[in-house]
Each structure stands twice: as C-alpha cells, then as structure tokens.
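Remarks on the structure that follows.
Laboratory data are not the source of any read-out in this text; all were calculated from the coordinates shown. Keep in mind the model is a prediction, meaning the values are calculated, not measured. All Cβ positions, glycine included, derive from the backbone under ideal geometry; neighbour counts span all protein chains shown.
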Amino acid sequence: MTAKPTARILHGTPQTLQRLARALRRGELVAVPTETVYGLAADALNARACQQIFAVKGRPVHDPLIVHIHSLRQLEQLAEVNDAALKLARKFWPGALTLVLPKKTIVPDVVSAGLPSVGVRMPSHPLFRRLLKLAGTPLAAPSANPFGYVSPTSAAHVQSGLGGRVKHILDGGPSSIGLESTIVDLRDPAKPRLLRPGAVTRVELERTLRRKLLRAKPSTTTAAQVAPGMLASHYSPRTRVTLHTRISLRDIRAGSARDAWVFRARPKTLRAANVFWLDDEGDLRGSARALFSMLRRLDDGRFTTIHVERAEGEGLAEAINDRLRRAAVRK
Ligand code: TXA
Ligand code: MG
C-alpha cells in the first residue's frame, strides 16, 4: 500500500481535542495515542463507524475490537460485570489490562465479531482519556496498523502504515509501554484465562484474584476462536525474524552484513552497522518500549534476517517473548 499520506498529525490542544471528539461523534475514525500502542478509534456504539475500522486496517471481520472507556459506569453499560472483574479494574485501571466479559446488547455485533463477549479497557494515556471524556461514548480501537503488521508505538508509525487511509492522527508521543495490553478472559470468573500477556503480569493478576490463571488455548492459524489476537502470525515484520537465547560472536562471524543482530543489552565492545540493542542495560521496560520500533526500523529491506535475543526472566519478559515468537512465525 503506497497511498499518499493524507492524514494530519495533530497535537492535543484543547481545541483539537474538541474537534476530534466531534469527529468521533459524527462516526469518523481517529488514530489515538495510548500507553500500550496507538489505536484506531471509532464510536463503539456506532456499527457503521466500527465497520470502517475493519475496512481501513484490512482486518478480518472475525477479529473483535477492544472497547475503551473513561469510567466504570461505562463498563456496566457495555458488559455483565462480576466481582473478579471489579477487583482487577480497581487495581489495574486505568492501565494496560483488557477484560473480556459477557456483552450487553448495546455493543454492536461488528465490535465483538459476533461473539457474545466484549473486551473492555480503561486506558491511562492522558490525551486519550481527555478525548474519551469529551467524546462521551466508549471508543472501539484495535492497534492502528494494517492487519498482521507490527503495532505502532508512535504517530509516525501510524502515518507510515495507514496515513493514506485515515484523516486524523493524534500525536501523544511514543507509547510508554510499547506492547499491547494484557487480555484476561473473565466470562467465567471462577476460570480466569490469560489470553494475551502484557505489562500487567500474570503474577500480579494471580495475586489480586487469589487464583491461578488458565493458559490461552494453543493458537491455531484460522478464524473465529476465543482470542483471535492469538493468531500465530501477528505482529510480523516482512523481514524474517530469528530468535536466540544468546547471540555469540561466532554467530555474527558466520553471518553477513545482511544479518541484523539485536541484543538485549548494549554489547560491551562490539560495534558494527548491523549490531543493535533494545536497552542499554537490558532493562525489560526499556526493551518492551523499544521492541516494535526496532523491528520496524530494521524492516526496511536492508537485511535478510533480523536476529533477536529473547528476553530473560519473568513478568514483562513473558509479553516480550510472546511478541517475539509471533514476529518469528514464518508466513
Ligand atoms: O493495548 C491494546 O490492547 C491496544 C490499544 C489500542 O488499546 N489494542 C489492541 O487491539 O492491541 P488488537 O489490535 O490487539 O485487537 C484486539 C484483540 C483481538 O485481536 C482479540 O485478541 C482481543 O483483543 N479481543 C477483543 N475482544 C475479544 C473478545 N470478546 N474475546 C476474546 N478476545 C477479544
Ligand atoms: Mg493488533
């Protein structure tokens, strides 16, 4: 897709936010910053507006959208709430956690992809929160990238993927977390299931719920399943990605200038035009924040293979390694 960019990148002045809120209420799409990744937002209660999201992203209609809210009152408007959901909402919202709950009829079928459930999240990004408040309606928003590609963590990423197809991009700076939200299925509060790992970690969730989380069912490569976001090849750059526990000097010597090497931390001595690292110290938060923009940066045709070291440890490492595994699936 080489459509000429027509999107305007806008800064969140009070007047601009008012204008974007009106656009959303008229059924237009707005790309919005969130603390996880940028989203492509529409009025979640307007089925026609939400259909546009699928068209613009080239997203299959069996892949449901996450609905973003400003208040707990809106959660009750959209979903059948249970105690486990309230516990998690009180502890982790606003933040990088999506709860899947039985939906109420007000949620259009296009949003839930025909499922009887809906994914809901209260984001923490201050500009997005202001926009949600001004719009006065919940906003459905998947990641603002062409379907299947790496999620955007800056306004420039949105511009490069969807700039020819959306009118408004609200610039809220680089996403502070950099990975999509944690998704927990709470349709049955006695059997909470982790559908997608993210910055709110399994351990934190288990401690709050005082229960073990079931694991996501193993992903398949086709349609309508409980968590279509678990499709194996999601978030993939065009360039092949290969994962390593540790990249060694010997690996690099055996490779060529067309191999990119991405270390967890800054290598002490090695410097070359094809050597990169996610975070100077190998810190997990820094690595999560840098991962998607690194994959995009290296996916410009210079390299035949992007080699990446897996994250080490628990917590956020689970989310980083989940995205790395998906990026490494051969399409
Ligand atoms: O951090 C995020 O979650 C970002 C920002 C924009 O909020 N959103 C995002 O949406 O990453 P995305 O493109 O991953 O799409 C939403 C995913 C679906 O692919 C699916 O895995 C899951 O959310 N989902 C939504 N509704 C669901 C439902 N009713 N049941 C199961 N999974 C659901
Ligand atoms: Mg996505």
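A compact table of results
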{"quantity": "Residue pairs, from the table 103/167; 57/191; 103/191; 57/91; 104/167; 57/104, whose Cα atoms sit over 23 Å apart", "calculated": "103/167; 57/191; 57/91; 104/167; 57/104"}
{"quantity": "Positive-end residue of 112, 32, 100, charge dipole of region 1-120 with Cβ unit charges", "calculated": "32"}
{"quantity": "Most mobile listed residue (207, 310, 196) in the chain, GNM with C-alpha springs under 10 Å", "calculated": "207"}
{"quantity": "Within straight-line cross-link reach of residue 87, aspartates and glutamates at Cα separation under 13 Å, skipping those fewer than 8 residues along the same chain", "calculated": "204, 206"}
{"quantity": "Tilt relative to the chain, helix 14-25 - C-alpha long axis, 0 to 90 degrees, to 10", "calculated": "70 degrees"}
{"quantity": "Nearest 10 degrees, 0 to 90: helix 316-327 Cα axis against the chain principal axis", "calculated": "80 degrees"}
{"quantity": "Hydrodynamic radius by Kirkwood, which averages 1/r over all alpha carbon pairs of the chain, in angstrom", "calculated": "20.2 Å"}
{"quantity": "Size of region 33-148 as Cα extents on the principal axes (Å, biggest first)", "calculated": "35, 30, 25"}
{"quantity": "Tilt relative to the chain, helix 83-92 - C-alpha long axis, 0 to 90 degrees, to 10", "calculated": "60 degrees"}
{"quantity": "Sequence-separation-based contact order of the chain, relative, with Cα cut under 8 Å and 6+ spacing, percent", "calculated": "20 percent"}
